[in-house]
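Peer 1: Sending over a structure as structure tokens; questions will come in a sec.
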Amino acid sequence: MITLPVDAHLPELVERLRGAQSLVLQAEPGAGKTTRVPPALLPLISDDKLVVVLEPRRLAARMAARRVAEEMGTRVGELVGYQVRFEDVVSAATRVKFVTEGVLTRQLAQDPNLSRVGAVVLDEFHERHLQTDVALGLLARLQRSTRRDLKLVVMSATMDAGPVARFLGDCPQMKVPGRVFPVEVEYAAKEEPAQNPRPLERQVADAVRRLLEQGLDGDVLVFLPGAAEIRAARAACTTLAQQHDLLMLPLHGDLTPEEQDQAVRPSRKRKLILSTNVAETSVTIDGVVAIIDSGLARIAGHASWSGLATLKLGRISRASATQRAGRAGRTRPGRCIRLYTRHDHDTRPEHTPPEVKRMDLSETALLLHGMGERDLAAFPWFETPDASQLQAASSLLRLLNAVTPEGVLTPTGKDMLRFPLHPRQARVLVEAVARGFRDEGCVVAALLGEVDIWASERRGLSTTTRSRKKDVHGSDVLAAWEAFETARAGNFNPRDVEALGLDPGVVSRVERVRKQLAGIARNVNPPRQGASDEDTALGMAILAGYADRVAQRRKGPAARADVPEFLLATGGTARLAPWSQVADSPLLVALDAEDRTGGKQDGVRISRASAIEPEWLLDVVPDALQDSVDVEWNAQAQRVDCFSRLRLFQLVLEETRVDHSDDPRVAETLAKAALSMGVAAFCDPEELEHLRARIGTLREIMPELGFPSLDDNALKDAMRRHCEGRRTIAELKEVSFVDTLVAELTPAQRQALEAQAPQSIRLPGGRKCTVHYVAGQPPWVESRLQDFFGMREAPRIMNGRQKLNMHLLAPNQRAVQITDDLAGFWQRHYPAIRKELMRKYPRHSWPEDPVTATPPQPGQRARSS
């Protein structure tokens, strides 16, 4: 067994861990941490317990287990084993077990105390996968509570060890150098043109050719983003491989273990290995002397529509680029050709953002609720997710009837938790089982986890599918289910699968998942009475997992005949993809959709759907339905309309006009519209201001009468009362708003208003004068000067407390004096004014003593005697 750099540090690591619960190890690439640290921990734990090693990928878990088994002189599955999805290679003798993240978190859910585990190693922690973060939080809490004997080692080549050590109670840290030989890094001279770039496979072929021409004497490892790019690069390099006797091999997660082993094991021929990022960490491939790095990867994310996990093409971080380059320097100096420029590399982020900040958390939330967590925000996260992420996850789980509002798992949620699926898929399967269609539900749930089972853009255009459209309820998923069942009946013969228009790789994945789910589903509660036919039952099951994705076909003038458009329950609209079989359905569930805003065809496009019947909603999600009476302003008709509506979120399923005039919201809505027009639109504005001034004067002079304020806010409140019992603007205008204001006064106030703030008075000669009221001014009257003959003092109102200002007019109706001191006017000003008026108006009577003079009668002009 060859010596690795970490070997010299193992005694110190073990000794430090004897006196501590946890340790953080930062070991550079090539140090040997993945294979040497786990078995070194065995002396720290009892003989009946395991060392469990968490790896981020299945390939890494499988290969690490095989390497450790070889070094310990045993076979895989005996002293050293591994457990990944679809494979469980362990035995009663296993002491070191390599697992993937999902396996460990589910083991924690089933056995929260980890009774058979003595130590846990979290490898490649820098990748910050969501389940690794969750596992770290669970393990740290377990150590603090009931398992103080549990040892925990967190390892990485590129992580910042300080924050992890602090999270684990300031545990010890170690740093181990790696065994990496110099790697010469070469960058692309310039960026590929954006409009017409060379295909990636051509760039790979050119780089391989350059290596061969320069005397390559070892294996080449090419990092590509996915299986499709690997196939394209393999075709582009076929001639080169034949000319130079290269063994060209793919390496990615969908290959069988035997195919993966062929790529990583030594060979007598030089190898050209075309790999995804599964070979980026943990996996050492002996013989690799050159790396070709595309700088791309399929980065884990989630579909915002369905919440399901996705792998989106993106640029790798600088840390990942360093990891990839290091693969070429494990045994001797190497080379790395990066198919991107130095500037491109230098402007990339140092690390990929952790999944806990960018992934859908509903599956994790379901797991934590199943472990007794009620408040997800209180969970000991290494890095706390955003509150909006936690809220979205909790809301979805409540909709799926998986948890109560208090965060307690429901019986349905317990059944969902049995399945290693996204909660939407799990809910579909649990509902299908409950309705008596367990096997069919397993297929449908597996299909929902795949983007598309069809081999091309011809999606669903096979003969089988076309006939189905005529015979059964429309559903893209059920069409795929029927095609899959046809393929299964033929034992998945490749020719038959292709003839059905299906993708053989996807079909194979669906079948693997189906088998796993079928094994678990046998333990789910027996079916209850439900729908009798499978199409209805499966349609209802799909609805149970996607109730918030219901969409209703748009009707009316806004609808387009050529492209079916649907209103979404969560708001907005979407168009149906041309290949969907649900085009004629008035109501459907949009299972997959993509936002094409900014593209040639803007908006949301539904790529996969399943038709539903309205009555299913009452059966499946009755709590999501809401009956309401909505009050709306009809601007065109100038009235308030009331509608009784049945809603699913923002989607109106049924609508009926009703008469609810007594609903307080009707008056409020009408008042809002009326106030936007202004209160003056509902009365004579001068009459309104006159009333406001009269009452304002009374409030000032006679406050004991208790008159209300008629300021702007009071008028708004009065308008609201004016609208009670009415629905239209026309009805408001039938009664003057001023009359309403007066009617709201008490009888005593109405009497006082007329008596103390009269609208007119009579002068001694019998002439009736209007009393003018203006806010902020004394009230006043105006009339000819002669009409005031016989009066010694100005007239008074309001029990004599308020004198009226008098506008004394000449015969031409122009004021000669404004005063409230009539006696003073007669004495001081009248003699001079009399002379002027006698000269101008000689026919009028201008007596020397106006106090004793008789004023003219109404209609009579005072003439000179």
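Values quoted throughout were computed directly from the atomic coordinates according to the rules given, and no laboratory measurement underlies them. Predicted model, so just to flag it, every value in this text is computed and none were measured. Quick reminder, even Gly has a Cβ in these numbers, built from the backbone with ideal geometry, and neighbours come from all protein chains shown.
Peer 1: Enter the per residue convex hull volume of segment 255-406, computed from alpha-carbon coordinates, in Å³ rounded to the nearest integer. Before the final figure, lay out the partial values.
Peer 2: Working: hull volume 24.4 nm³, N = 152.
Output value, Cα hull per residue: 161 Å³.
Peer 1: Could you run the Karplus curve 6.51 cos²θ - 1.76 cosθ + 1.60 with θ = phi - 60° over segment 395-410 and give me ³J(HN,Hα) per residue in whole Hz, x for Gly and Pro?
Peer 2: Per-residue couplings from phi come out as 4, 5, 5, 5, 4, 7, 6, 8, 9, 7, x, 8, x, 9, 5, 8 Hz.
Peer 1: On average over all directions, what projected area in square nanometres does segment 56-112 have, based on the convex hull of its Cα atoms?
Peer 2: 3.8
Peer 1: Further question on the same structure: What is the Å³ per residue value for the convex hull set by the Cα atoms of segment 680-815?
Peer 2: On the way: hull volume 17.6 nm³, N = 136.
Convex hull of Cα atoms, per residue: 129 Å³.
Peer 1: Which of the peptides 722-729, 606-613 is most tightly packed, and how do the rest follow, judged by the mean count of other Cβ atoms within 10 Å per residue? Walk me through the intermediate numbers first.
Peer 2: On the way: 722-729: 19.2, 606-613: 24.5.
Final packing ranking: 606-613, 722-729.
Peer 1: Still on this structure, I have one more. Where both residues lie in the chain, what percent of DSSP beta bridges are antiparallel, nearest 5?
Peer 2: Antiparallel bridges: around 50 percent, rounded to the nearest 5.
Peer 1: If you don't mind, another one. Tell me, what is the percent relative contact order of the chain, built from C-alpha pairs under 8 Å that lie six or more residues apart?
Peer 2: Values: 1546 pairs, mean separation 57.7, N = 865.
It rounds to 7 percent for the chain.
Peer 1: Something else: For a quick check: with amide H placed at 1.01 Å from N, whose amide H comes under 5 Å from Glu782's, ignoring anything fewer than 5 positions away on the same chain?
Peer 2: Thr770, His807
Peer 1: Taking 0.36 nm per intervening residue step and subtracting the Cα-Cα distance, what contour gain separates Ala815 from Arg512 on full extension?
Peer 2: My answer for the length gained is 98.6 nm.
Peer 1: Describe numerically, in nm with one decimal, the distance between label points set 7 Å from Cα along Cα→Cβ at Asp261 and at Asp88.
Peer 2: Using points 7 Å along Cα→Cβ, the separation is 2.2 nm.
Peer 1: Can you give me the C-alpha center-to-center distance between segment 104-119 and segment 11-74, rounded to a whole angstrom?
Peer 2: 17
Peer 1: Expressed as a whole percent, how much of the Cα-Cα distance distribution for segment 588-716 exceeds 18 Å? Numbers along the way, then the final one.
Peer 2: Values: 6053 of 8256 pairs.
Result: 73 percent of Cα pairs exceed 18 Å.
Peer 1: OK, next. Longer than 28 Å from Cα to Cα, which of Lys768/Lys803; Lys190/Lys312; Lys97/Lys515; Lys49/Lys312; Lys357/Lys414 are they? Say none if no pair is.
Peer 2: Pairs exceeding 28 Å: Lys49/Lys312.
Peer 1: Taking amide H positions as placed 1.01 Å from N in the peptide plane, with prolines and chain starts having none, which residues 5 or more places from Arg608, or on another chain, fall under 5 Å of its amide H?
Peer 2: For Arg608, the qualifying residues are Leu591, Asp592.
Peer 1: Then there is this: Evaluate segment 644-728: find the radius of gyration of its Cα atoms, find its Kirkwood radius, and give the ratio Rg to Rh.
Peer 2: That ratio is 1.19, to two decimals.
Peer 1: To one decimal place, what Kirkwood hydrodynamic radius in Å is obtained for segment 796-865 from all pairs of distinct Cα atoms? Present the calculation step by step, with values, prior to reporting the outcome.
Peer 2: Details: mean 1/r = 0.0747 Å⁻¹.
About 13.4 Å, per the Kirkwood formula over Cα pairs.
Peer 1: If you add up the charges near Val524, with Lys and Arg at +1 and Asp and Glu at -1, over every other residue whose beta carbon is less than 10 angstrom from its beta carbon, what do you get?
Peer 2: Cβ neighbours under 10 Å give a net charge of +3.
Peer 1: If R₀ is 25 angstrom, what is the calculated FRET efficiency for the pair Glu191 and Leu313, using the beta carbon separation as r and rounding to 0.05?
Peer 2: The calculated FRET efficiency here is 0.90.
Peer 1: Okay, next question. Using alpha carbon coordinates only, what is the Rg to Rh ratio of segment 690-742, with Rh defined as the Kirkwood radius?
Peer 2: Working: Rg = 12.8 Å, Rh = 12.2 Å.
Here the Rg-to-Rh quotient is 1.05.
Peer 1: If we sort 833-844, 150-161 on the protection proxy, mean other Cβ atoms within 10 Å, highest first, what's the order?
Peer 2: 150-161, 833-844
Peer 1: Also, quick follow-up: Which of the trypsin sites (Lys or Arg not before Pro) across segment 733-805 are loop residues per DSSP, with 11 or fewer other Cβ within 10 Å?
Peer 2: When the trypsin sites (Lys or Arg not before Pro) of segment 733-805 are filtered for loop state and at most 11 Cβ neighbours within 10 Å, Arg792, Arg801 remain.
Peer 1: Collect residues whose amide H, placed 1.01 Å from N in the peptide plane, falls under 5 Å from the amide H of Val816; neighbours closer than 5 in sequence don't count.
Peer 2: Leu808, Leu809, Ala810
Peer 1: In segment 22-91, which trypsin sites (Lys or Arg not before Pro) fall in coil by DSSP and have 16 or fewer other Cβ atoms within 10 Å?
Peer 2: Arg75, Arg85
Peer 1: Average the reciprocal distances over every distinct pair of alpha-carbons in the chain, invert the result, and give the Kirkwood radius in Å.
Peer 2: 34.5
Peer 1: Given N residues in segment 141-228, what is its alpha carbon radius of gyration divided by 2.2 N^0.38 Å?
Peer 2: Ratio of Cα Rg to 2.2 N^0.38 Å: 1.86.
Peer 1: Right, here's the next one. Ordered by residue, what ³J(HN,Hα) values in Hz, to whole numbers, does segment 608-615 give under the Karplus form 6.51 cos²θ - 1.76 cosθ + 1.60, where θ = phi - 60° and Gly and Pro are x?
Peer 2: Calculated HN-Hα couplings, in order: 8, 8, 9, 5, 9, 9, x, 5 Hz.
Peer 1: In whole Hz, what ³J(HN,Hα) sequence does segment 738-754 give by Karplus (6.51, -1.76, 1.60; θ = phi - 60°), x for Gly and Pro?
Peer 2: 5, 4, 5, 4, 5, 5, 7, 6, 6, x, 5, 5, 5, 5, 5, 4, 6
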